[in-house]
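Data block below; observations after.
The values are calculated or read from the model by the stated rules, or taken from the named source; none is laboratory data. These figures come from a predicted structure and were not determined experimentally. Glycine also receives a Cβ, built like all others from the backbone with ideal geometry; neighbour counts cover every protein chain displayed.
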């Protein structure tokens with residue numbers, strides 16, 4: 001028998017290399033299809049988020065926010081500002097220019113939009129262009145010593161005014 005005419009000989013119970021590779025590739029293909037199918041099903045499912053945005057959020061007791069502080073609520077998408085006078089203001093974390101998330105820079109005592117380097121003071125009032133107006137706010141209610149913020153009602157404004165601050169009764 002010539003070498004080129006030889007075929008792979010297997011004994012009973014053994015698998016040829018060719019069949020082994022076929023089975024391995026088939027198993028890998030099936031695993032890839034299952035993974036893609038599972039990812040597709042997860043993508044199509046309705047989203048249940050832990051995000052509190054769009055609801056009334058219990059921020060906490062009045063005493064837990066020192067005067068002059070800015071506290072970020074990531075899930076609520078706002079910053080809770082407590083002014084030197086003791087009043088509260090909930091500032092939306094989205095820039096009104098392009099919707100970028102603004103950051104609070106405590107060392108510089110202002111909000112900063114990374115998209116166009118716009119700056120806002122501690123009450124979200126505009127300090128530098130190209131943004132057309134201050135940051136939006138949400139209504140703050142203080143009842144029984146608890147601060148709540150209604151993130152379902154965004155408020156646009158032309159500039160900061162002390163009347164926008166909420167105080168404990």
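Counting residues in the range 67-78 that are assigned by TED's automatic domain parsing to the domain that holds residue 159, over 24 Å from the mean Cα position of the chain (by Cα), at pLDDT 90 or above and farther than 17 Å from residue 139 by Cα gives one or more. Within the range 79-91, if we keep just the residues that are over 18 Å from the mean Cα position of the chain (by Cα) and in contact (Cβ under 8 Å) with a residue 60 or more places away in the chain, the residue that is nearest to residue 118 (Cα to Cα) turns out to be 89.
Residues are listed down the side, and each one gets a yes or a no for (1) at positive phi; (2) modelled with pLDDT of 85 or more; (3) in contact with a helix residue (DSSP H, G or I) (Cβ under 8 Å, 6 or more places away or on another chain):
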{"site": "3", "(1), (2), (3)": "no, no, no"}
{"site": "13", "(1), (2), (3)": "yes, no, no"}
{"site": "23", "(1), (2), (3)": "no, yes, no"}
{"site": "43", "(1), (2), (3)": "no, no, no"}
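There is no residue in the range 92-107 that is closer than 17 Å to residue 55 by Cα, more than 17 Å from the chain's Cα centre (by Cα) and part of a strand (DSSP E or B).
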